[in-house]
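Working notes, beginning with the structure itself.
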Amino acid sequence: MILITGATGNLGKATIDFLLRKGVSANNIVALVRDVAKVEELKAKGINIKIGDYDDYTSLTKAFVGVEKLLLVSGSDLEKRGNQQENVIKAAKESGVKHIYYTSFERKNETKTSPIHLVATAHINTENLIKASGMDYTIFRNNLYLDILPMFFGENVLTTGVFLPAGDTKAAFALRMDMAEAIANVLTSEGHENKDYAFSNTENISVPEMAKILSEVVGKEINYVSPPVDVFVDALSDVGVPIEYVKMTADFSEAIRQGEFETFKTDLEKLLGRKPTTVKEFLTQVYS
């Protein structure tokens, strides 16, 4: 039995779909959900539904009974997810889960000087807890999603250009669907015990290079401006963008600028059995 947490989220749903495509019976897949109002699509596919809340330890131990493989998709609550994911790990151990898989993230700087320290801390602590649990584990070190580029660029990118404090440092952005497919491949094959896999693209590319590609895709010049962080924050705040979003974008842009997501180590192509989706392919699909 394979259980997927975050089953109503983008990565969780996509992973379930790939498992079904690979021939895994819906009866052998469990979706852990918190909100029963969001499960109709999963129910229609025949997926087993278990109700569980990361903050309710008892609900987790009940949901995990009979599960052999558990995919822990990292939680979205940045403030609480460290404790929440610790609950999942302990409950999985108590319930007899044999193998736990975790969607972590790519990084270089694991100190408090990292511009994304809040994000990094929960991931690193979760990895350490998993590795100390005694269960077999597989860690997926996800790079930045290609899917976030339209959000980073903004809805008016084709008229105003790219305004992002990311400098000209490269990063190995990869498509979320490619990661989901690779995760499904790992979940349905052997030999992945106690391994860390780098889910990065085979190409590293900078934001100014992306702007040039986007220019080619849409047939007009898309300018790129990399402002100082304070200028970026003030500019977006002045036009009413929520400050939480502005700061998060600024922090990740600074991490890109510092080279946190530039890497030449990746297992994604090997696990997919093909080249991952390129930046040009993605931008063409979204903007052409």
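The values are calculated or read from the model by the stated rules, or taken from the named source; none is laboratory data. Bear in mind the structure is a predicted one, so any value in this text is a computation, not a measurement. So basically every Cβ, Gly included, is an ideal-geometry build from the backbone, and we count neighbours across all protein chains shown.
Descriptive notes on the structure:
- Qualifying residue in the stretch 173-192 (condition: more than 13 Å from the chain's Cα centre (by Cα), under 29 Å from PRO242 (Cβ atoms) and without any contact (Cβ under 8 Å) to a residue 60 or more places away in the chain): no
- Residue identified as of a type in the set (Asp, Glu), in contact with a helix residue (DSSP H, G or I) (Cβ under 8 Å, 6 or more places away or on another chain) and closer than 21 Å to GLU106 by Cβ among GLU262, GLU281, GLU269, GLU254: GLU254
- In this entry, LEU129 is excluded by the filter for residues that are in a helix (DSSP H, G or I), surrounded by fewer than 16 Cβ atoms within 10 Å (Cβ to Cβ) and touching a residue at least 12 places away in the same chain (Cβ under 8 Å).
- Search result, residues across the stretch 254-288 that are buried (at least 22 other Cβ atoms within 10 Å of the Cβ) and among the small types (Gly, Ala, Ser): ALA255
- Filtering the stretch 1-29 to residues that are surrounded by fewer than 24 Cβ atoms within 10 Å (Cβ to Cβ) and more than 17 Å from ASP178 (Cβ to Cβ) leaves MET1, ILE2, GLY6, THR8, LEU20, GLY23, VAL24, SER25, ALA26, ASN27, ASN28, ILE29.
- Close pairs (9 angstrom Cβ cut-off, 6 or more residues apart or separate chains): under 16 Å from SER200 (Cβ atoms) in the stretch 250-266, part of a helix (DSSP H, G or I) and among the acidic types (Asp, Glu) anywhere: GLU260/GLU254
- Residue within the stretch 161-171 that is under 30 Å from LYS69 (Cα atoms) and surrounded by fewer than 18 Cβ atoms within 10 Å (Cβ to Cβ) present: no
- Single match in PRO150, PRO165 (criterion: in a helix (DSSP H, G or I), in contact (Cβ under 8 Å) with a residue 60 or more places away in the chain and under 30 Å from GLU221 (Cα atoms)): PRO150
- Residue in the stretch 220-228 that is modelled with pLDDT of 95 or more, among the acidic types (Asp, Glu) and over 17 Å from PHE252 (Cβ atoms) present: yes
- Filtering the stretch 72-89 to residues that are of a type outside the set (Asp, Glu), over 14 Å from ALA120 (Cβ atoms) and modelled with pLDDT of 85 or more leaves LEU72, VAL73, LYS80, ASN83, GLN84, ASN87, VAL88, ILE89.
- Flag if GLU181 is crowded, with 16+ Cβ neighbours inside 10 Å, over 28 Å from ILE16 (Cβ atoms) and not hydroxyl-bearing (Ser, Thr, Tyr): no
- Residue ranges of helices (runs of 4 or more DSSP H) in the stretch 1-106 with at least 1 members closer than 21 Å to VAL186 by Cβ and in contact (Cβ under 8 Å) with a residue 40 or more places away in the chain: 10-21, 81-95
- Exactly one residue among LYS131, LYS38, LYS45, LYS50 is at pLDDT 95 or above and closer than 26 Å to LEU19 by Cβ, and that residue is LYS131.
- Leading residue by the ranking (nearest to ARG141 (Cα to Cα)) among those in the stretch 235-253 that are among the hydroxyl-bearing types (Ser, Thr, Tyr) and surrounded by fewer than 16 Cβ atoms within 10 Å (Cβ to Cβ): TYR245
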